[in-house]
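Notes follow the structure.
Derivation of every value follows stated rules applied to the coordinates shown; laboratory data play no part. What you are looking at is a predicted structure, and each value in this text was computed from that prediction instead of being measured. Note that we place each Cβ from the backbone using ideal geometry, even for glycine, and neighbour counts take in every protein chain shown.
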Amino acid sequence: MDARSGKLTIRHGEIANLGMPPMTMVFGLKDPAQAQTLQPGTKVVFRVEDTGGGNLLITHIEAVTQ
């Protein structure tokens with residue numbers, strides 16, 4: 001998690017709408033303030049959009065409560 005740059009590293013499952021297999025990668029956050037509410041290792045659900053040129057941006061993220 002890098003709140004200063006507004007980026008998160010996420011280990012995710014398949015993202016079917018983007019044709020991505022499970023992997024670990026860095027995503028930008030539309031609203032960098034969202035990173036402040038998360039701790040490393042927190043399980044999350046998120047929505048990501050391809051903003052062009054392979055730039056992937058998280059538009060919504062929230063912690064999973066169990």
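Might you let me know whether the stretch 9-16 holds any residue that is within 9 Å of the chain's Cα centre (by Cα) and among the hydroxyl-bearing types (Ser, Thr, Tyr)? Yes, the stretch 9-16 has at least one match.
Determine the pairs where a residue that is surrounded by fewer than 11 Cβ atoms within 10 Å (Cβ to Cβ), located within the stretch 1-26, has a partner that is hydroxyl-bearing (Ser, Thr, Tyr) and in a strand (DSSP E or B) with Cβ atoms under 6 Å apart, the partner being 6 or more residues away or on another chain. Filtered contacts from the stretch 1-26: 11/24. Do we find that residue 29 is surrounded by 15 or more Cβ atoms within 10 Å (Cβ to Cβ) and either small (Gly, Ala, Ser) or within 17 Å of residue 64 (Cβ to Cβ) (or both) in this structure? Considered against the rule, which asks whether it is surrounded by 15 or more Cβ atoms within 10 Å (Cβ to Cβ) and either small (Gly, Ala, Ser) or within 17 Å of residue 64 (Cβ to Cβ) (or both), residue 29 comes out as no.
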